[in-house]
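**Q** Have a look at this one before I ask anything.
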Amino acid sequence: MELKLKYIEDEFEIDEYFIKQIHNFKGSSVRIAAKIDYMFGIKHTGGRMQNIAGHVNDSQGNPIFFVIDYFREDEDSPIVLIDIREIEVDRYLDFINKKRYIK
């Protein structure tokens, strides 16, 4: 299966599947997109897929925890966003302990 990518500025490329998945977050997708901006400058992964967790609050103030699958070939390559999905708070805390979260 071939990945179809959409190009966003110099720092990110977004897979079509990622776009479909972020729509599952309904009213919080804009907040999540703003949080993704904090991934700017993340270290390269040598082309291996990695994941990183984050959280935002919805319009009622309820927390939403999510994990993003991504990779980055080298320091000069954009970050390729592959997938995003909701996770439980316990899993988010595991990512914090591993220092794999969006600050």
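The values are calculated or read from the model by the stated rules, or taken from the named source; none is laboratory data. The model shown is predicted, which means the values in this text are computed figures rather than measured ones. Cβ: placed from backbone, ideal geometry, glycine included. Neighbour counts: every protein chain shown.
**Q** Note down all Cβ pairs under 8 Å where the first residue falls in segment 53-64 and is over 13 Å from PHE25 (Cβ atoms) and among the small types (Gly, Ala, Ser), the second is in a strand (DSSP E or B) and modelled with pLDDT of 95 or more, and they're at least six residues apart or on different chains.
**A** Within 8 Å, the pairs are ALA53/PHE65; ALA53/PHE66; ALA53/VAL67; ALA53/ILE68; ALA53/ILE87; ALA53/TYR101.
**Q** Any idea which residue in segment 18-43 is modelled with the lowest pLDDT, counting only those that are basic (Lys, Arg) and over 14 Å from ASP58 (Cα atoms)? Walk me through how you get there before you give the answer.
**A** Initial filter on segment 18-43 (basic (Lys, Arg)): 20, 26, 31, 35, 43.
Checking the rest, the ones that are also over 14 Å from ASP58 (Cα atoms) come to 20, 43.
Numbers: LYS20: 95, LYS43: 89.
If we take residues in segment 18-43 being basic (Lys, Arg) and over 14 Å from ASP58 (Cα atoms), then LYS43 is modelled with the lowest pLDDT.
**Q** If a residue has to be closer than 16 Å to ASP15 by Cα and in a loop (DSSP other than H, G, I, E, B) to count, how many in segment 45-58 make the cut?
**A** We begin by selecting, within segment 45-58, every residue closer than 16 Å to ASP15 by Cα; these are 47-51.
Those left that are additionally in a loop (DSSP other than H, G, I, E, B): 47-49.
Going through segment 45-58 one residue at a time, the tally reaches 3.
**Q** Select from segment 20-44 the residues that are of a type outside the set (D, E, K, R), within 23 Å of LEU93 (Cβ to Cβ) and outside any helix (DSSP H, G or I) and list them in ascending order.
**A** Filtering segment 20-44 for residues of a type outside the set (D, E, K, R) gives 21-25, 27-30, 32-34, 36, 38-42, 44.
Of the ones still in play, those that are also within 23 Å of LEU93 (Cβ to Cβ) are 21-22, 24-25, 28, 32, 34, 36, 38-39, 42.
ILE42 - this is the single residue of segment 20-44 that is of a type outside the set (D, E, K, R), within 23 Å of LEU93 (Cβ to Cβ) and outside any helix (DSSP H, G or I).
**Q** Report, ordered by the first and then the second residue, all pairs with beta carbons closer than 7 Å, sequence separation of six or more or different chains, a first member in segment 83-103 that is free of Cβ contacts under 8 Å to residues at least 40 places away in the same chain, and a second member that is surrounded by 13 or more Cβ atoms within 10 Å (Cβ to Cβ) and among the β-branched types (Val, Ile, Thr).
**A** These pairs meet every condition: ILE87/VAL67.
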